[in-house]
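For reference, the structure is listed below as structure tokens.
The values are calculated or read from the model by the stated rules, or taken from the named source; none is laboratory data. What you see is a predicted model; the values in this text were computed from it and never measured. Ideal geometry is used to build each Cβ from the backbone, glycine not excepted, and the neighbour counts take in all protein chains shown. For accessibility, only protein heavy atoms count, side chains too; no ligands or nucleic acids. Shrake-Rupley method; radii C 1.70, N 1.55, O 1.52, S 1.80 Å.
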Amino acid sequence: MTIPFAKLFPALVISIFTLIGIILTAWLAQPVEEVSITRFFAQAISAVVLWVWICLLSVVRGWKKRNYERLFMLGVGLFYFSLVGGFLSELYLFDTYLTVFCRDITQAVGLALMAYGSFHCVSRNLAERAKLERMASHDDLTHILNRRAFMISAQKQFERAKTDHSPYCLVLMDVDDFKRINDQYGHKAGDETLSAFANYLKNSVRQSDIVCRWGGDEFVVLLANANEQVGEEFAKRIQAMLKVYGGDRGCQALTISIGISVYHHDDISVEDALHRADEAMFTVKHDHKNAISVN
Ligand SMILES: Nc1nc2c(ncn2[C@@H]2O[C@H](COP(=O)(O)OP(=O)(O)OP(=O)(O)O)[C@@H](O)[C@H]2O)c(=O)[nH]1
């Protein structure tokens, strides 16, 4: 990850001027007043440069949308202002009330704004990151796992099955003549059918199973700890549900072809099991569709 120079610049300015202040303080080793003046100038100059830089960024980049960053920077600015106020009060230039306002109140408000701004920046970044991760692993339309994420989870399950000698089933499903649904009822109705089907699949499996939209009108489910019988029962349930769903919407002939492969100890990776499920489905599609085949 590269951090743009613009983001580092304010921190750089603060560090450089603070460092200059510290060096001058140590080098001069003058009475308190002169030491304070040196530090005051170092801090004041850095605060001014920092503020000019923030204003420039606000104008040039239109920071209007990034309010939390602005609040954080405002907090930094106030904090610096409080330091300057502190030095001025050390020089007895301020009376008590002015000191309280310029040093203590601005420091408290500055720290509060920094805490509030940084908290929101971090939570917003975390939320955005979670959203991006979800978008990368889930299908836009149906909100179930996409092919890439499925392969990662399924491969883990495959390796677990290899060590535990526990069976699993891969159920590959393809809605029959889905093009007709789109042509007859419109693409929107087609989308709704796919979403409803995915939703039903999600609600018909256990937590340990993995449901994925393989692409288009094709779906795959990995049933963990399931033998051939469990796989077939699941497939029959899905077929029955789709028939009812189609009937309810007046498209009687909504059917599905299903290919099942059961875990085999000769499989080297999950792709082997998928390949067998695909072969099984190919047989069904080229036979009479609306059936289940196990490979
Ligand atoms: N509405 C909608 N349609 C889609 C989507 N993705 C793919 N399709 C359509 O789904 C259809 C899939 O076609 P195929 O699976 O090749 O063929 P089919 O009509 O289902 O016929 P068979 O598979 O041979 O039974 C195509 O017409 C695609 O346009 C989608 O996200 N929404």
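Points worth noting:
- Residue ranges of strands (runs of 3 or more DSSP E) in the stretch 193-295 with at least 3 members touching a residue at least 24 places away in the same chain (Cβ under 8 Å) and open to solvent by 10 Å² or more (accessible area, probe 1.4 Å): 210-215, 292-294
- For beta carbons closer than 7 Å, sequence separation of 6+ or different chains, a first residue in the stretch 113-139 that is open to solvent by 100 Å² or more (accessible area, probe 1.4 Å) and a second that is small (Gly, Ala, Ser) and at pLDDT 90 or above, there are no qualifying pairs.
- Candidate set: the stretch 186-208, residues that are small (Gly, Ala, Ser) and under 18 Å from VAL244 (Cβ atoms); chosen: the one farthest from the ligand (Cβ to nearest atom): SER204
- Test set (1) within 16 Å of the ligand (Cβ to nearest atom); (2) more than 14 Å from the chain's Cα centre (by Cα) - GLN157 fails condition number: (1)
- Which listed residue, of ASP164, ASP176, ASP183, is more than 31 Å from the chain's Cα centre (by Cα), without any contact (Cβ under 8 Å) to a residue 24 or more places away in the chain, within 12 Å of the ligand (Cβ to nearest atom) and assigned by TED's automatic domain parsing to the domain that holds GLU232: ASP183
- Residue match in the stretch 73-90 (condition: part of a helix (DSSP H, G or I), within 16 Å of the ligand (Cβ to nearest atom) and either of a type in the set (A, V, I, L, M) or touching a residue at least 12 places away in the same chain (Cβ under 8 Å) (or both)): no
- Scanning the stretch 140-154 for residues that are open to solvent by 20 Å² or more (accessible area, probe 1.4 Å) and within 16 Å of the ligand (Cβ to nearest atom) turns up ASP140, LEU141, HIS143, LEU145, ASN146, ARG147.
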